[in-house]
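Here's the structure we're looking at; comments come further down.
The values are calculated or read from the model by the stated rules, or taken from the named source; none is laboratory data. If you're wondering where the values come from, they're calculated on a predicted model, not measured in any experiment. For neighbour counting, all protein chains shown are included, and Cβ atoms are generated from backbone atoms with ideal geometry for every residue, glycine included. Side chains included, ligands, DNA and RNA excluded: accessible areas come from the protein's heavy atoms. Shrake-Rupley method; radii C 1.70, N 1.55, O 1.52, S 1.80 Å.
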Amino acid sequence: MPRTPRPVALLAVVLAAVILGWYSWIDREDASQAAPSDLPATSAPEVAGAPGSGALASEALAQLAVKGRAPRTGYSREQFGTPWRDLDRNGCDQRNDVLRRDLSAISLKPGTRDCVVQSGVLVSPYSGRSVAFTRGSVTSRQVPIDHVVALSDAWQKGAQQWTADRREQFANDFLELVATDETTNSAKSDGDAATWLPPLKSSRCAYVARQVAIKAEYRLWVTAAERDAMRRVLAACPDERLPSGADRLSAPA
């Protein structure tokens with residue numbers, strides 16, 4: 001059989017490459033224009049070797065790695081993704097999910113499918129202070145959502161080595177999020193247990209246990225001073241356990 005002339009064969013190869021490249025470009029354009037509701041559902045990453053929920057907080061603390069604090073270089077809130085993404089795929093952003101979970105006597109904005117909280121009452125878990133919440137550009141600040149392990153602290157203790165997706169999961173994990181009062185949240189800033197504890201002493205055991213649970217699940221380390229501060233708190237409540245089940249503060253149904 002006569003062989004195809006080389007110039008013709010080369011032209012066929014080039015044409016095939018152009019066609020494949022065209023379809024690949026179309027696929028990327030379609031993906032880039034997908035709405036957030038088209039994104040796949042996601043869940044918090046599983047961490048092999050982390051103590052199970054319900055374990056003694058003191059025992060879980062003993063398993064955490066102890067290291068020095070890494071530099072804060074490169075940290076920004078943007079490193080942890082878009083705030084209040086609807087990562088649990090229930091149709092409501094994480095902030096409103098937490099407000100619905102943590103506030104009482106709530107009223108919901110009509111037309112939002114029972115999502116947006118208009119008003120309610122918070123009893124701050126950190127101070128015991130009662131705060132009346134009203135949605136608004138100024139008044140909403142009175143009830144911020146605290147990251148139990150501050151994002152800056154997480155960045156300096158392992159999170160800067162994570163993927164962007166994992167950092168976003170961390171920042172929106174319901175185990176990590178607690179509604180509190182503005183004054184207490186400002187006082188905490190990005191402190192760890194060595195530099196800040198809730199002023200309401202009766203809440204300190206649960207607060208430290210939650211921090212231990214988060215650091216265990218995400219394999220974040222603690223500094224020696226932080227570990228010692230946690231030990232002192234848990235010594236007063238040796239039976240304190242890591243959050244489990246409903247105590248993990250999952251989103252409301």
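Take the residues in the range 172-184 that are over 8 Å from the mean Cα position of the chain (by Cα) and outside any loop (DSSP other than H, G, I, E, B), then tell me which one is nearest to residue 244 (Cα to Cα).
Per the criteria, the residue is 178.
Any idea which of (1) under 27 Å from residue 219 (Cα atoms); (2) part of a strand (DSSP E or B); (3) open to solvent by 20 Å² or more (accessible area, probe 1.4 Å) is the one residue 132 doesn't satisfy?
(1)
Listed here are the residues, each with its yes/no results for (1) in contact (Cβ under 8 Å) with a residue 40 or more places away in the chain; (2) within 23 Å of residue 167 (Cβ to Cβ); (3) open to solvent by 70 Å² or more (accessible area, probe 1.4 Å).
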{"position": "68", "(1), (2), (3)": "yes, yes, no"}
{"position": "71", "(1), (2), (3)": "yes, yes, yes"}
{"position": "77", "(1), (2), (3)": "yes, yes, no"}
{"position": "93", "(1), (2), (3)": "no, yes, no"}
{"position": "103", "(1), (2), (3)": "yes, no, no"}
{"position": "106", "(1), (2), (3)": "no, no, no"}
{"position": "120", "(1), (2), (3)": "no, no, no"}
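Filter the range 53-80 for residues that are under 26 Å from residue 233 (Cβ atoms), polar (S, T, N, Q) and at pLDDT 95 or above and give the result.
Selection gives 58, 63.
This table checks each residue for (1) crowded, with 19+ Cβ neighbours inside 10 Å; (2) not in a helix (DSSP H, G or I).
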site: 153; (1), (2): yes, no
site: 186; (1), (2): no, no
site: 190; (1), (2): no, yes
site: 203; (1), (2): no, no
site: 209; (1), (2): yes, no
site: 212; (1), (2): yes, no
site: 225; (1), (2): no, no
site: 234; (1), (2): yes, no
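Among the residues of the range 79-89, write down those that are open to solvent by less than 60 Å² (accessible area, probe 1.4 Å) and of a type in the set (D, E, K, R).
Once the filter is applied, which keeps residues that are open to solvent by less than 60 Å² (accessible area, probe 1.4 Å) and of a type in the set (D, E, K, R), the range 79-89 yields 86, 88.
Need pairs with beta-carbon distance below 9 Å; first residue under 26 Å from residue 106 (Cβ atoms) and within the range 225-253, second among the hydroxyl-bearing types (Ser, Thr, Tyr) and at pLDDT below 95; sequence gap 6+ or separate chains.
Final answer for the pair search is 243/53; 244/53; 245/53; 247/53; 248/53.
Please go through the range 169-197 and give me each residue that is touching an Asp or Glu at 6+ places or on another chain (Cβ under 9 Å), touching a residue at least 12 places away in the same chain (Cβ under 8 Å) and farther than 20 Å from residue 94 by Cα, ordered by number.
Residues satisfying the conditions are 184, 188, 190, 191, 192, 193, 194.
Which of the residues spanning the range 51-106 are of a type in the set (Asp, Glu), assigned to a helix (DSSP H, G or I) and within 19 Å of the chain's Cα centre (by Cα)?
If the condition is that a residue be of a type in the set (Asp, Glu), assigned to a helix (DSSP H, G or I) and within 19 Å of the chain's Cα centre (by Cα), then 78, 97, 102 are the ones that fit.
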